[in-house]
Amino acid sequence: MPKQRIVFVCSGCGQESAKWQGKCSGCGEWNTLFEQAVTAVKPAARRRALTNAPQALAKVEITGHERISLSMGEVNRVLGGGLVPGSLSLIGGEPGIGKSTLLLQVAAQMAQASKAPVLYVTGEETRFQIKMRAKRLGINGDGLFVLTETDLDAITTEMDKLCPSLVIIDSIQTVYTPDLDMAPGGVTQVRECAARLVTWAKATQTPVFIAGHVTKDGAIAGPRLLEHIVDTVLYLEGEPFSSYRILRSVKNRYGSVNEVGIFEMKEHGLAEVANPSEVFLSRDRQNCIGSAVVPVLEGSRPLLVEIQALTNATSFGQPRRTANGLDFGRLIIITAVLSRRAYLKLGAQDVIASATGGLNVAEPAADLAAAIAIASSYKSIGVDPHLVAIGEVGLSGEIRNVPQIERRLAEAARLGFTKAVVPAAARAKSPSNDFQLIPVRDIQQALVAALTGQRAEERG
């Protein structure tokens, strides 16, 4: 019998400790360590027939190992151009967000494009439930095989027999290996199963997708070490009452981690959004008090996002600052700069700022739009509905340059905007003859240029 040892494993990050301690030394969380009996894995269990001899890098050929392009352009974008043979990709998201729907659509498209079959392994649903979902999505299922199994050894055997072009495991928390005497979903089981799937994928040059549950904190359930094992980590995000979904890459060994894919959940599945900028802009841009538009970059894609702000006299002793979709630290800096450099009396005001559409805007290029929105709300003066604002706000009130400003301006011009407040140091070129650039050096100049509308009380 294999020897067992007792370890204490953190449920948040997977850190192992020889003794119990109140605070995890890996992630710093309290009361997350639980006792677990670990059985030594048989040496032959993870071994794979990799008979490759060492080869000089100069003689390695990549013919036949190019990316596999999918018909869903948004998925290709997030993956960095398509599926890489032999890669293991993890997709996470909250329950009901659409992970299984997206994976089934990817499997069906791969089955149509490839001559080899596609294997969809599920441990949470029956094949009849998968068939019902496929019927709702309009998938006929040609070339798509469904396997309801949780034993990894049995799954690997079927994968070797079928020789698929793509394997999908839904989900990794339901899969277990009999070599470990512990329940599925545990830290050791999840980590060992993922490691064996990586070995199989590399040996057969077959791409593998695995779905992972997400905890209430937004992390992949189980060990954080799982994110280090896989090649790509994708998150499917969305607001609870919104039909739009954002597929975000947080790790990608074969591409950029800043790309996002925009989808809309419809009756027949997830549909790609042809013009994502329209998702993040309100349809009525006439009443623009407390609202400004900024072109942000998500990877290589420029998106126009509306920044809304609201100021109100505080009812408590300490004014509150609330950021939704924006970096809270940047909001504190912008509020302080407006108070000190633009002489806005925000010390007794609650300031609430939000990025519409459910997108998280983290880059400093949105500082100027947030500052204009806050000042507009405080003074009750509207912002020109045809204007966008681009720039980073410095602590001394200066407007700093941001990268790739001309690409941002081109996207704004394409969607009908005619003016842009830009940093004077950018020396940007106008995307068209009728597009006006307004260079500014500090926050005071930016507010004078942007707040040109009428006061709310003057409009009645």
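For (1) at pLDDT 90 or above; (2) closer than 22 Å to Ser71 by Cα; (3) in a helix (DSSP H, G or I), each residue gets a yes or a no:
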| site | (1), (2), (3) |
| --- | --- |
| Ala211 | yes, yes, no |
| Lys216 | no, no, no |
| Leu236 | yes, yes, no |
| Gly255 | no, yes, no |
| Val294 | yes, no, no |
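Scanning region 377-428 for residues that are over 30 Å from the mean Cα position of the chain (by Cα) and acidic (Asp, Glu), we see that the one that is farthest from Gly329 (Cα to Cα) is Asp384.
Residue pairs whose Cβ atoms lie under 8 Å apart, sitting 6 or more positions apart in sequence or on different chains, and linking a residue in region 56-79 that is under 20 Å from Val250 (Cα atoms) and at pLDDT 90 or above to a partner that is basic (Lys, Arg) and in a loop (DSSP other than H, G, I, E, B), are Leu79/Arg67. Of the conditions (1) within 22 Å of Asn76 (Cα to Cα); (2) modelled with pLDDT under 95, Leu166 satisfies every one except a single condition; which number is it? Every condition holds for Leu166 apart from (2). Being surrounded by fewer than 23 Cβ atoms within 10 Å (Cβ to Cβ) and touching a helix residue (DSSP H, G or I) at 6+ places or on another chain (Cβ under 7 Å) holds for only one residue in Ala195, Ala203, and it is Ala195.
Scanning region 138-157 for residues that are surrounded by 15 or more Cβ atoms within 10 Å (Cβ to Cβ) and out of contact with any Pro (no Cβ under 9 Å at 6 or more places or on another chain) turns up Ile139, Gly141, Val146, Leu147, Thr148, Glu149, Ile155, Thr156. Of the candidates Gly92, Gly98, the single residue that is at pLDDT 85 or above, within 33 Å of the chain's Cα centre (by Cα) and closer than 20 Å to Ser256 by Cα is Gly92. Is it the case that Ala37 is among the small types (Gly, Ala, Ser), in contact with a strand residue (DSSP E or B) (Cβ under 8 Å, 6 or more places away or on another chain), modelled with pLDDT of 65 or more and surrounded by 11 or more Cβ atoms within 10 Å (Cβ to Cβ)? Criteria met by Ala37. When you scan region 309-327, do you find a residue that is closer than 15 Å to Ala389 by Cα and in contact with a strand residue (DSSP E or B) (Cβ under 6 Å, 6 or more places away or on another chain), even just one? There is at least one residue in region 309-327 that is closer than 15 Å to Ala389 by Cα and in contact with a strand residue (DSSP E or B) (Cβ under 6 Å, 6 or more places away or on another chain). As for region 343-351, it holds no residue that is under 19 Å from Arg301 (Cα atoms) and not basic (Lys, Arg).
When the test is whether a residue is of a type in the set (Asp, Glu) and in contact with a Gly (Cβ under 7 Å, 6 or more places away or on another chain), Asp350 does not pass it. Anything in region 344-358 that is assigned to a loop (DSSP other than H, G, I, E, B) and of a type in the set (A, V, I, L, M, F, W, C)? List them, or say none. Across region 344-358, the qualifying residues are Leu344, Leu346, Ala348.
Would you be able to say whether some residue in region 317-332 is surrounded by fewer than 23 Cβ atoms within 10 Å (Cβ to Cβ), under 30 Å from Val84 (Cα atoms), small (Gly, Ala, Ser) and modelled with pLDDT under 90? Scanning region 317-332, I find no residue that is surrounded by fewer than 23 Cβ atoms within 10 Å (Cβ to Cβ), under 30 Å from Val84 (Cα atoms), small (Gly, Ala, Ser) and modelled with pLDDT under 90, so the answer is no. Does any residue of region 43-50 turn out to be at pLDDT below 80, touching a Phe, Trp or Tyr at 6+ places or on another chain (Cβ under 9 Å) and more than 30 Å from Ser114 (Cα to Cα)? Within region 43-50, none of the residues are at pLDDT below 80, touching a Phe, Trp or Tyr at 6+ places or on another chain (Cβ under 9 Å) and more than 30 Å from Ser114 (Cα to Cα). For region 329-343, indicate whether the set of residues that are in contact with a strand residue (DSSP E or B) (Cβ under 9 Å, 6 or more places away or on another chain) and in a strand (DSSP E or B) is non-empty. No, that holds for no residue. I'd like to know if region 253-273 contains one or more residues that are among the basic types (Lys, Arg) and either surrounded by 21 or more Cβ atoms within 10 Å (Cβ to Cβ) or under 24 Å from Pro85 (Cα atoms) (or both). Yes, some residue in region 253-273 is among the basic types (Lys, Arg) and either surrounded by 21 or more Cβ atoms within 10 Å (Cβ to Cβ) or under 24 Å from Pro85 (Cα atoms) (or both).
The values are calculated or read from the model by the stated rules, or taken from the named source; none is laboratory data. As the structure is a computational prediction, the values presented were derived from the model and not from experiment. In this analysis, Cβ positions are derived from the backbone assuming ideal geometry, glycine residues included, and neighbour counts consider all displayed protein chains.
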